[in-house]
Amino acid sequence: MENLKKKVEVLRESFREALGSVRGLEELEKLRVRYLGRKGEITLLFKLLKELDPNERREAGALLNTLKEEVQEALNLKKEELKKARGREKVDLTLPGREYSLGGLHPLTAVLEEMIEIFVGLGFKVEEGPEIEWDFYNFEALNIPPHHPARDMWSTLFITEKMMLRTHTSPVQVRVMEREKPPLRFISPGRVYRKDAFDASHSPAFYQLEGLYVDKKVTFSDLKGTLELFARELFGSNTRVKFVPSYFPFTEPSAEMSVNWGKGWLELVGCGMVHPAVFNAVGLDPDEWTGYAFGVGVDRVAMIKLGIDDIRLFYENDLRFLRRYLR
Ligand code: FA5
């Protein structure tokens, strides 16, 4: 009898241990067979009952039954637990992995950054100006008084009578010259707005990159040389450019630089020598200072660079288009 009691204790202990390390339903079934199966350890103990005398048999039987029930119950509980866990963790290992996109630069941003790098390499600093601008900076200080016909060329959205969405980056010229004494050499990239048609080569919101160089004895050849160099750096050393006389109220003489892009010439840059009236507006003596200024159409540059013939592609946010130019 004592012997049997000990065996029951040992079995109870070993079962507990084994149950603790069960990881799945299959293992659990094996455990059940090992203890309660036809040849299971508990089942075999019941067979020993015969060998005991009748008095002891009762007590031993009760002992074994308790053990059997305990084990059965523990097995049932564990089974429920494992089933629940399996429901929670239904992992389909055949599913393809999830793709996380890191994103990239918009083609306009990428081209703009390349342009900035070229000018920084030539010694230009980078300045910023506001997109909502005063009439004074966008027009008046640039020698475009009220009712000047040039205002029609740059019609835009007005916020108040004196405040508007800037039509070009040239107001930054005025802001910097008001603030700092020459010599000055900077570029200023940014977004500008116009009441323009949305067609293949025009957008009502687009990007410009302004440039200003003010020093003593700056000449038109300095301007030409710099812009030609810029075009060749950007489009390759065989690039052909041409300067055509033009008119801007804030430069004199004025020109436009076009670049040949295979299918013809595209006007990319407005430029010229800083007009004396602009120097006067910012309190610089036009007899002492000279300068050149230019404004590059960033979108047009990007069109040539990427071989695109419709500016609207940049603003449609069609991922199939944008992905082709991700860098
Ligand atoms: C100007 O805006 C002058 N501020 C440029 C300038 C700066 C001249 C400094 C002299 C000295 P213009 O309006 O031509 O100029 O515009 C400059 C460039 O912007 C054009 O050559 C063209 O490449 C681009 N551009 C003009 N309008 C649009 C538009 N609607 N969509 C896209 N690009 C445009």
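When VAL214, VAL33 are ordered from fewest to most other Cβ atoms inside 10 Å of their Cβ, what list results?
Numbers: VAL214 25, VAL33 12.
Starting with the residue having the fewest Cβ neighbours, the order is VAL33, VAL214.
What list of ³J(HN,Hα) values in whole Hz, one per residue of the range 205-216 in order, does the Karplus curve 6.51 cos²θ - 1.76 cosθ + 1.60 (θ = phi - 60°) give from phi, with Gly and Pro shown as x?
9, 8, 10, 10, 10, 7, x, 9, 9, 10, 6, 7
Using a 7 Å offset from the Cα along the Cα-to-Cβ direction at both ASP222 and LYS5, what is the distance between the two label points in nm, to one decimal?
Modelled inter-label distance: 11.1 nm.
Sticking with the crude label model, points 7 Å out along Cα→Cβ, report the distance from ARG312 to SER101 in nm, one decimal please.
2.2 nm
Tell me the relative contact order for the chain as a rounded percent, counting alpha carbon contacts under 8 Å between residues six or more apart. Before the final figure, lay out the partial values.
Values: 466 pairs, mean separation 50.1, N = 327.
This gives 15 percent for the chain.
For each of MET153, MET177, count neighbouring Cβ atoms within 10 Å of the residue's Cβ, then give the residues from fewest to most. Don't skip to the end; give the middle numbers.
Values: MET153 13, MET177 23.
Fewest to most other Cβ atoms nearby, the residues stand as MET153, MET177.
Could you size up the charge dipole of the range 175-327 around its Cα centre, putting +1 on the beta carbon of Lys and Arg and -1 on that of Asp and Glu, and report it in debye to the nearest 20?
On the way: 21 positive and 20 negative charges, 128 e Å.
That gives the range 175-327 a dipole magnitude of about 620 debye.
Loop only by DSSP, 11 or fewer other Cβ within 10 Å of the Cβ. Give me the chymotrypsin sites (Phe, Trp or Tyr not before Pro) in the range 146-210 that pass, ordered by residue number. Numbers along the way, then the final one.
Working: sites: TRP154, PHE158, PHE186, TYR193, PHE198, PHE206, TYR207; in loops: TRP154, PHE198.
Filter output for the range 146-210: PHE198.
Just flag the GluC sites (Glu not before Pro) in the range 14-91 sitting in loop per DSSP whose Cβ has no more than 11 other Cβ atoms within 10 Å.
Values: sites: GLU17, GLU26, GLU27, GLU29, GLU41, GLU51, GLU56, GLU59, GLU69, GLU70, GLU73, GLU80, GLU81, GLU89; in loops: GLU89.
Answer in residue order: GLU89.
Based on the Cβ-Cβ distance from PHE136 to ALA110, what FRET efficiency comes out when R0 is 56 Å, to the nearest 0.05? Let's see the in-between values first.
On the way: r = 34 Å, r/R0 = 0.61.
For PHE136 and ALA110, the calculated efficiency is 0.95.
For a footprinting-style exposure proxy, rank MET1, MET303 by other Cβ within 10 Å, fewest first.
Numbers: MET1 13, MET303 24.
If I rank by nearby Cβ atoms, fewest first, I get MET1, MET303.
Tell me what the chain gives for mean residue ellipticity at 222 nm when only DSSP H runs of n ≥ 4 count, each as -39,500 (n - 2.57), the sum divided by the residue total, rounded to 500 deg cm²/dmol. Can you show the working numbers first?
Details: 12 runs with 143 residues, N = 327.
Using -39500 (n - 2.57) per qualifying helix, the result is -13500 deg cm²/dmol.
Short version: ³J(HN,Hα) in whole Hz for each residue of the range 71-76, in order, from phi by Karplus 6.51 cos²θ - 1.76 cosθ + 1.60 (θ = phi - 60°), x for Gly and Pro, what are they?
My calculation for the range 71-76 gives 5, 4, 5, 4, 5, 4 Hz in order.
FYI, it's all coordinate maths here, none of it is from the lab. No experiment lies behind these values; they were computed from the predicted model shown. Positions of Cβ are backbone-derived with ideal geometry, glycine not excepted, and every protein chain shown enters the neighbour counts.
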